[in-house]
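For reference, the structure discussed in these notes is given below.
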Amino acid sequence: MSRGAEATSVTLDFESVSTSGVTTGSGGSGAAPCPFDRQSGATGSSGTGPSSAHSGSHYMYTEVSGTGDGGHAACQSAGDLFDLSYDGSVCSDEGSMIFDISFMFHMYGTDIGTLRVTDAAGLQKWSLSGSQGTSWHLASVDVYSSSFRFEYARGSSYLGDAAIDQVVVNCGVVPPPPPTHDCAIRKCRRQSST
């Protein structure tokens, strides 16, 4: 499936303090998800997280250590959700949607949880759990949505920092959804009334 010859792309590299269209959780208080933090260099805990960004100087990561080590007080339990979202504004400004994304991810530590990509409707498009070693890895995901988010469900201890870098967002024309009712699938005949 092609996204079109004139399609726009944007790279979210997190080199600026704020990246247009990107939001993150507000600290885990109440029902709010925990935030991804912007980082340069290694995370605060040995045995987890990257030692540096994949490209450039900065990346976004989930700090799951205690508050004395830079963690968030309301984000200390297994399964706590961290959130990093992109609103798709580059694509919507040109009248298209997010076709697909590629990104670098880092998941190193004995208590890594689950990293997911979900679309605007909350449907899971990609998911990976557990430690993936000390290297950065590339993932490509078909999104077909107006926006997307990274969600990270925390593991059971401080050895569970996950990181994201170099997110490439490709705009394009989204394919039509498949038929959702039996008549469209079976090609029902119109019945005439007598």
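Name the single residue, out of those in the range 115-132 being open to solvent by less than 30 Å² (accessible area, probe 1.4 Å) and not aliphatic (A, V, I, L, M), that is nearest to E63 (Cα to Cα).
Looking at the filtered set, the residue picked out is G130.
Is the range 146-158 home to any residue that is under 19 Å from A42 (Cα atoms), of a type in the set (S, T, N, Q) and part of a strand (DSSP E or B)?
No, because not a single residue in the range 146-158 is under 19 Å from A42 (Cα atoms), of a type in the set (S, T, N, Q) and part of a strand (DSSP E or B).
Which condition breaks for T118 when tested against (1) over 25 Å from G41 (Cα atoms); (2) of a type in the set (S, T, N, Q); (3) in a loop (DSSP other than H, G, I, E, B)?
Here T118 meets the rest and fails (3).
Considering only the range 76-96, state which residues are of a type in the set (D, E, K, R) and crowded, with 17+ Cβ neighbours inside 10 Å.
Matches in the range 76-96: D80, D83, D87.
Is it fair to say D111 is out of contact with any Lys or Arg (no Cβ under 8 Å at 6 or more places or on another chain) and over 29 Å from V173 (Cβ atoms)?
Here the answer is yes, as D111 does meet what is asked.
The values are calculated or read from the model by the stated rules, or taken from the named source; none is laboratory data. Just so it is clear, the structure is predicted and the values come from calculations on it, not from any experiment. For neighbour counting, all protein chains shown are included, and Cβ atoms are generated from backbone atoms with ideal geometry for every residue, glycine included. The protein model used for the area step is the full one, side chains on, heavy atoms only, and it has no ligands, DNA or RNA in it. Shrake-Rupley method; radii C 1.70, N 1.55, O 1.52, S 1.80 Å.
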